[in-house]
């Protein structure tokens, strides 16, 4: 598990030398899954490095990558690192203004984009940003396996760049989602990743025989760490066609593990329950019984439950899945327990971009639902006097790009990174996150309420897609909720109503159904945590609509400002 001297480049090259023509990546092309070897991946990345060097990219320069998770993304990223540059990922869902900000703020010399539409998205906002680049490359322009080996002076320059990459060099600038303001560029070195990967190697039982299904955006630190883990462990990565097709792809490639944000697991749960409700009768009762906590894992009915219900849920994840990892946002304890009853082990982890992703992790032999695991080896976690989670170790970022004051606000003189999350550590060392420090609601009666816990419970309803609880300095809590599109559409069809968001949000039967769901959640909460009133919004929260970050977190400030009058009205009487 040597860390000293390791870089992302050296770790990858060690695997490429050891595995050569063995499969490293799989991508679906023309309806078929096609393999890419470690040797081919290396050759293509070296060729990209050569193109960047020839374009004038110097060691330490930044190369921005704007596109969806595809094989070309991974090639471009590795090529940038081989050139001695730091790569700057951009979420593919960002609008032109946001993408242009990242390119400009990072001072990127080159932009690698999925296709011309991504470049145009930036140029349409500010053509000068694109014009100021040394070069723009599209995924289609990247060299393929038939391009041959680098030769001559270019080869010598790339070889020299690779040899010069050092652990302390900047590997990437990952821009935060920006829930509370403009995104900040988090500076992560090769050494940060090397420490993270060594810690994960101890915590996870991954081998070269494993295969992951990758569909997270590469601008998300979770996705970047999953790929970097492959450099360390040598397993195969199959790249999903998209998030929407991830589960279809899982059934095709049969991964042994995968990582995702909680939204995927919430969707699987909601769709399974929705289908059961739509079937009704005996099928619905059988589903409820088979997935209930009361049924137990053994006894005469276990085989029947597995054969008729649980095996079908597991099949959505393929036939080889050993575990799935959830990170990026809180996962409801009840949801993890539900999946466990189906035979799908979802291990919740915790981390932030500023600490190179994973900081605590549940593992196969040691996991606790409702907690985010125990600290990884080599990472210190502490709880401050006000409940804030603090992290210290070699994975902590170098700082925020060109924002020294912001860096000093979050990294104290003793090297502790202040996460902004509120949590507690139990007697066995498991960390539990209760909320974001800035999101804690203090009611007019002086009670502290963690809204995320309530929202997670509400989102388990088949009727509710998103929820935002409100009530700071107010006498009671209220909520804004959005309808689950599948449930709303089924209701409209069955009752002969138009499938219209505005009308369904105001429909008395819909409101009554949502009220029953909220009452069920309230029954599990203390009186001061209960939601007294709610309003149904006519459409779901989306990234494009500005209510969600690219990592699917609710932008509370945006939602509050847009619906201020509606929120205030719930306190009028």
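The values are calculated or read from the model by the stated rules, or taken from the named source; none is laboratory data. The shown structure was predicted, so the numbers you read here are calculated from the model rather than taken from an experiment. So basically every Cβ, Gly included, is an ideal-geometry build from the backbone, and we count neighbours across all protein chains shown.
Would you check which residues across the range 363-413 are within 30 Å of residue 341 (Cα to Cα), without any contact (Cβ under 8 Å) to a residue 24 or more places away in the chain and surrounded by 15 or more Cβ atoms within 10 Å (Cβ to Cβ) and list them?
367
Take the residues of the range 168-182 that are surrounded by fewer than 23 Cβ atoms within 10 Å (Cβ to Cβ) and touching a strand residue (DSSP E or B) at 6+ places or on another chain (Cβ under 7 Å): which is modelled with the lowest pLDDT?
Taking the candidates together, the pick is 176.
Being free of Cβ contacts under 8 Å to residues at least 12 places away in the same chain, in contact with a helix residue (DSSP H, G or I) (Cβ under 9 Å, 6 or more places away or on another chain) and over 30 Å from residue 77 (Cα atoms) narrows it down to one of 279, 305, 272, so name that one.
Within the list 279, 305, 272, the selection yields 279.
Tell me, yes or no, whether the range 124-135 has at least one residue that is in contact with a helix residue (DSSP H, G or I) (Cβ under 6 Å, 6 or more places away or on another chain) and in a strand (DSSP E or B).
Looking through the range 124-135, none of the residues is in contact with a helix residue (DSSP H, G or I) (Cβ under 6 Å, 6 or more places away or on another chain) and in a strand (DSSP E or B).
Return the residue satisfying two criteria in turn: it lies in the range 516-528 and is modelled with pLDDT of 90 or more and farther than 21 Å from residue 488 by Cα, and of such residues it is farthest from the chain's Cα centre (by Cα).
523
Does residue 478 satisfy the condition of being in contact (Cβ under 8 Å) with a residue 24 or more places away in the chain and surrounded by fewer than 18 Cβ atoms within 10 Å (Cβ to Cβ)?
no
Taking the condition farther than 16 Å from residue 531 by Cα and either modelled with pLDDT under 95 or surrounded by fewer than 16 Cβ atoms within 10 Å (Cβ to Cβ) (or both), does residue 447 pass?
Here the answer is no, as residue 447 does not meet what is asked.
Residues of the range 290-322 being at positive phi and within 22 Å of the chain's Cα centre (by Cα), which ones?
Passing the criteria: only 318.
List the pairs whose first member sits in the range 516-537 and is free of Cβ contacts under 8 Å to residues at least 12 places away in the same chain, whose second member is buried (at least 16 other Cβ atoms within 10 Å of the Cβ) and not in a strand (DSSP E or B), and whose Cβ atoms are under 7 Å apart, counting only residues at least 6 apart or on separate chains?
Every condition considered, the pairs that remain are 522/530.
If the requirement is being more than 26 Å from residue 200 (Cα to Cα), part of a strand (DSSP E or B) and touching a residue at least 12 places away in the same chain (Cβ under 8 Å), which of these qualifies: 24, 51, 64?
64
Quick test for you: out of 18, 45, 58, pick the one residue that is in a helix (DSSP H, G or I), over 28 Å from the mean Cα position of the chain (by Cα), in contact (Cβ under 8 Å) with a residue 12 or more places away in the chain and at negative phi.
18
Do you know which of the residues in the range 197-214 that are modelled with pLDDT under 95 and in contact with a strand residue (DSSP E or B) (Cβ under 7 Å, 6 or more places away or on another chain) is farthest from residue 359 (Cα to Cα)?
203
Within the bounds of the range 28-39, is there any residue that is over 22 Å from residue 233 (Cβ atoms), in a helix (DSSP H, G or I) and touching a residue at least 60 places away in the same chain (Cβ under 8 Å)?
Within the range 28-39 (the criterion being over 22 Å from residue 233 (Cβ atoms), in a helix (DSSP H, G or I) and touching a residue at least 60 places away in the same chain (Cβ under 8 Å)), the answer is no, since none of the residues qualifies.
Could you list, in sequence order, all residues of the range 93-113 that are touching a strand residue (DSSP E or B) at 6+ places or on another chain (Cβ under 7 Å) and either on the phi > 0 side of the Ramachandran plot or in a loop (DSSP other than H, G, I, E, B) (or both)?
Those that are touching a strand residue (DSSP E or B) at 6+ places or on another chain (Cβ under 7 Å) and either on the phi > 0 side of the Ramachandran plot or in a loop (DSSP other than H, G, I, E, B) (or both): 107, 108, 109.
Being surrounded by 14 or more Cβ atoms within 10 Å (Cβ to Cβ) and either part of a helix (DSSP H, G or I) or outside the structural domain of residue 466 (by TED's automatic domain parsing) (or both) is the filter here, so list the residues in the range 490-502 that pass it.
Once the filter is applied, which keeps residues that are surrounded by 14 or more Cβ atoms within 10 Å (Cβ to Cβ) and either part of a helix (DSSP H, G or I) or outside the structural domain of residue 466 (by TED's automatic domain parsing) (or both), the range 490-502 yields 490, 491, 492, 501.
Criterion first (at pLDDT 95 or above, touching a helix residue (DSSP H, G or I) at 6+ places or on another chain (Cβ under 6 Å) and either under 25 Å from residue 19 (Cα atoms) or surrounded by fewer than 22 Cβ atoms within 10 Å (Cβ to Cβ) (or both)) does residue 226 satisfy it?
no
Of these, 378, 357, 387, which one is within 21 Å of residue 220 (Cα to Cα) and in the same structural domain as residue 256 (by TED's automatic domain parsing)?
When all the criteria are applied, what remains is 357.
Looking at the structure I just gave you, is residue 146 in a helix (DSSP H, G or I) and modelled with pLDDT under 95?
yes
Look at the range 530-573 and say how many of its residues are over 28 Å from the mean Cα position of the chain (by Cα) and part of a helix (DSSP H, G or I).
Matching residues across the range 530-573 total 6.
Of the residues that sit in the range 4-15 and are surrounded by fewer than 16 Cβ atoms within 10 Å (Cβ to Cβ) and not in a helix (DSSP H, G or I), which one is modelled with the highest pLDDT?
Taking the candidates together, the pick is 5.
Tell me, which residue of the range 457-475 that is surrounded by fewer than 18 Cβ atoms within 10 Å (Cβ to Cβ) and under 18 Å from residue 556 (Cβ atoms) is modelled with the highest pLDDT?
That would be 472.
Considering only residues that are under 16 Å from residue 469 (Cβ atoms) and outside any loop (DSSP other than H, G, I, E, B), which ones fall in the range 503-529?
514, 515, 517, 518, 519, 520, 521, 522, 527, 528, 529
Being surrounded by fewer than 17 Cβ atoms within 10 Å (Cβ to Cβ) and in the same structural domain as residue 159 (by TED's automatic domain parsing) narrows it down to one residue among 76, 58; which is it?
58
Scan 159, 209 and give me the residue that is free of Cβ contacts under 8 Å to residues at least 12 places away in the same chain, over 27 Å from residue 437 (Cα atoms) and not in a strand (DSSP E or B).
Just a single option satisfies the conditions, and that option is 159.
Out of the residues in the range 423-444 that are at pLDDT below 90 and part of a strand (DSSP E or B), state the one that is farthest from residue 367 (Cα to Cα).
442
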